[in-house]
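Right, one structure below, let's go through it.
Readers should treat all values here as calculations from the given coordinates under stated rules, not as data from a laboratory. In this text, all values refer to a predicted model and were calculated from it rather than measured experimentally. Every residue, glycine among them, receives a Cβ derived from its backbone with ideal geometry; neighbour counts consider all protein chains shown.
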Amino acid sequence: MNKLIIQNLSLQYSDGTESLRDISLNIPSNAITVLFGPAGGGKSSLLRCLNRLNDLTEVRVVSGKVLLEGENILDPNTDVIALRRKVGMVFARPVVLPLTIRGNLTYGLELAGEQRKSRLDEAVERSLKLAALWDEVKERLGEPGIALSGGQQQRLCLARVLANQPEVILLDEPTSGLDPLSTAKVEEALQVLKQDYTIVLVPHSVQQAARTADYAAFFLQGELVEWAEGKEIFTNPQNKRTEDYVEGRFG
Amino acid sequence: MKSSMHINQNLSQRLGFSLLSLVMLITVIPILAVIVYIILQGAPAISWEFLSGFPRDGMRQGGILPAIVGTFYLTLGTAIFSVPLGIAAAIYLAEYARENVVTRLIRIAIINLAGIPSVVYGLFGLGLFVFFLKFGTSLLAASLTLSIMTLPVIISAAEEALRAVPQAFRTVSISLGGTRWQTIRRIVLPQALPGIITGVILGLERAAGETAPILFTGAAFFLPRLPNSPFDATMALPYHLFVISTQVPEMPFQIQYGTALVLIAFVLGMNLIATVIRSRARAKRQW
């Protein structure tokens with residue numbers, strides 16, 4: 001089943017230059033869809049459109065639709081607050097809010113008005129376990145989040161999104177600043193998470209794309225060149241440009 | 001050749017360093033001299049009676065309590081009006097206003113307000129608050145006048161403090177389903193608070209030391225009691241100092257310097273609080 005359906009989406013920057021040209025793409029639920037390609041291809045812009053974070057940036061929607069379970073989320077009447085709870089985002093650099101570890105995790109729920117301690121405690125434990133961080137921090141939930149190492153911080157950011165109980169998780173190069181061990185932990189967590197969530201990942205390398213993708217879409221200079229199942233794209237690409245990029249001839 | 005160049009560079013570096021140290025001394029010495037001189041001259045006048053008593057014998061004897069309390073009330077009154085308004089304006093400018101002609105005009109107005117001589121504020125306050133709004137020569141009119149003078153300082157400092165909070169915090173908060181206002185209240189404002197408080201104190205400190213704006217709007221030459229309503233006139237330290245230094249014949253030196261010492265202690269005390277808050281916040285800051 002497709003969780004998200006992107007139809008003829010075109011984006012541009014406020015100075016008028018094109019960001020994405022006429023993209024159509026389906027994002028299946030309970031799978032990892034990878035958006036990959038060289039920098040400047042429009043992957044991050046697309047990702048930000050999926051929970052309307054582009055409202056904060058220079059990127060404007062020119063035309064097209066993004067359907068989340070049939071509802072066009074680009075409609076001006078969309079409740080963006082509710083949308084962002086449903087579609088969470090993990091950024092490239094781990095941004096830990098200036099709160100405690102626990103405070104970071106309960107932040108989204110508290111914004112929504114949840115005050116019951118039992119509910120918050122439960123969400124903290126559940127989300128930390130899902131992000132494979134519980135054992136490392138369960139004794140120090142009251143410490144500032146910034147006290148964690150880089151890899152732990154990024155898993156905290158993932159857990160923070162999970163605490164909101166979203167349906168879709170967007171990840172924008174979540175491991176670009178992490179060492180291989182931390183990267184592996186994040187990737188392992190994603191493999192478990194995909195059973196219950198729809199995951200859209202912009203990977204930081206072709207290798208990561210190949211390792212993680214159930215489905216993959218190749219972006220080049222604002223154009224969606226090709227999308228298919230991951231196995232297909234990385235072993236038997238249909239388009240010459242995809243093949244050249246996957247095999248490392250440019251990029 | 002190479003080594004002589006080395007020596008030259010060393011020499012010029014040391015020369016430059018000495019020159020800078022000298023310049024620094026030249027700026028610091030007068031400030032220290034003023035403070036030390038006032039302490040030496042004024043300290044003998046300081047006594048419990050001086051701080052807690054009323055002026056007697058045409059202000060030549062007794063204490064300066066009404067002026068101390070008056071300055072405290074004026075500072076408090078100024079804070080009541082200027083702090084909420086200033087912070088609200090800064091939040092608007094830093095978090096909500098789009099960069100356009102109107103915003104630019106507001107900014108230019110704020111910068112120019114900060115440059116207006118304080119006596120002009122005094123005249124403005126006289127016209128608007130004392131006469132037009134019929135507050136009379138009063139604590140209220142003087143506090144409002146000082147507030148208008150203080151506002152640009154508070155707005156600029158608070159806006160700067162808000163802007164210093166990393167943009168990424170806002171993005172993350174909004175991505176987790178926060179509204180703009182929730183983001184400001186829960187993340188941005190607490191992080192900017194030390195900077196805002198520092199700016200507020202520096203602004204209020206200036207208000208506490210000003211004479212011209214209160215001269216026509218609220219300051220009493222002599223009031224043998226404490227003000228008992230916002231519509232009362234009040235004595236105030238800076239104006240009292242002016243009065244006893246120029247308007248009262250045969251004024252004992254000590255009382256003048258004692259008054260100056262109390263005023264300086266009041267202002268420097270506020271400054272010290274601002275410094276402590278700032279350095280504590282810096283040590284605790286997480287970004």
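At a Förster radius of 51 Å, what calculated FRET efficiency corresponds to the Cβ-Cβ distance of A:M1 and B:K284, to the nearest 0.05? Mind showing how you got there, number by number?
Details: r = 49 Å, r/R0 = 0.95.
E between A:M1 and B:K284, to the nearest 0.05, is 0.55.
Estimate the FRET efficiency between B:L123 and B:R225 by the formula 1/(1 + (r/R0)^6), using the beta-carbon distance for r and 41 Å for R0, to the nearest 0.05. Show your work: numbers first, answer last.
Working: r = 28 Å, r/R0 = 0.69.
Using R0 = 41 Å, I get an efficiency of 0.90.
Only bridges whose two residues both fall in the stretch A:2-246 count here: according to DSSP, what percent of them are antiparallel, nearest 5?
On the way: 24 of 40 bridges.
So the antiparallel bridges in the stretch A:2-246 amount to around 60 percent.
Taking the number of other C-beta atoms within 10 Å as the exposure measure, put A:K117, A:K231 in order starting with the fewest.
Numbers: A:K117 9, A:K231 13.
Ascending Cβ contact count within 10 Å gives the list A:K117, A:K231.
Note down the net charge around B:A157, summing +1 for each Lys or Arg and -1 for each Asp or Glu among other residues with Cβ under 13 Å from its Cβ.
Working: positive: B:R163, B:R206, B:R278; negative: B:E159, B:E160, B:E205.
Here the count lands on 0.
Using the basic label-point model (7 angstrom from Cα toward the beta carbon), what is the B:E99 to B:D57 distance in nanometres?
6.6
Run down the aspartates and glutamates and flag those whose C-alpha is under 13 Å from the C-alpha of B:K134, throwing out any fewer than 8 positions away in its chain.
The qualifying aspartates and glutamates are B:D232.
Give the shape of the stretch B:48-284 as rounded, prolate or oblate, defined through the alpha-carbon gyration tensor: a ≥ b ≥ c are the square roots of its eigenvalues, a/c under 1.5 means rounded, and otherwise the shape is prolate if a/b is larger than b/c and oblate if not. Intermediate results must be reported in sequence, preceding the final value.
Numbers: a/c = 2.83, a/b = 1.92, b/c = 1.48.
Because a/c hits 1.5 or more and a/b exceeds b/c, the stretch B:48-284 counts as prolate.
Provide, in order from the shortest bin, the percent of all Cα-Cα pairs of the protein assembly as shown in each 20 Å bin, continuing until the bin that contains the maximum pair distance.
In whole percents, the pair-distance histogram is 18, 35, 27, 17, 3, 0.
Taking the dipole about the Cα centre of chain B, with the C-beta of Lys and Arg at +1 and of Asp and Glu at -1, give me whichever of B:G122, B:N100, B:A33 is farthest to the positive side.
B:N100
Expressed in nm to one decimal, what extension gain is obtained for the pair B:A43 and B:T179 from 0.36 nm per residue of sequence separation less their Cα-Cα distance? Please list the in-between numbers first.
On the way: separation 136, 0.36 × 136 = 48.96 nm, distance 5.55 nm.
Value of the extension gain: 43.4 nm.
Quickly work out the B:N271-to-B:A164 label distance, labels modelled 7 Å from Cα along the C-beta direction, and quote it in nm with one decimal.
1.9
Rank these for me by crowding, B:F242, B:F266, A:F219, going from fewest to most other beta carbons within 10 Å. It would help to have the intermediate numbers written out before the result.
Working: B:F242 16, B:F266 19, A:F219 26.
If I rank by nearby Cβ atoms, fewest first, I get B:F242, B:F266, A:F219.
Between A:T17 and B:V28, what is the label-point separation in nm under the 7 Å Cα-to-beta-carbon projection?
For the pair B:V28/A:T17, the computed spacing is 5.0 nm.
Give me the Debye-computed log₁₀ of I(q)/I(0) at q = 0.07, 0.11 Å⁻¹ for the stretch A:2-246, equal point scatterers on Cα only, no solvent, two decimals.
Scattering profile of the stretch A:2-246, log10 relative to I(0): -0.23, -0.57.
Report the FRET efficiency, 1/(1 + (r/R0)^6), for A:E125 and B:A109, where r is their Cβ-Cβ distance and R0 is 45 Å, rounded to 0.05.
0.25
Under a cut-off of 17 Å between alpha-carbon atoms, report the lysines in cross-link reach of A:K43, not counting same-chain residues fewer than 8 places apart.
Result set, ordered by chain and number: A:K65.
State the antiparallel share, in %, of DSSP beta bridges confined to the protein assembly as shown, rounding to the nearest 5.
On the way: 26 of 43 bridges.
Among the beta bridges of the protein assembly as shown, antiparallel pairing accounts for roughly 60 percent.
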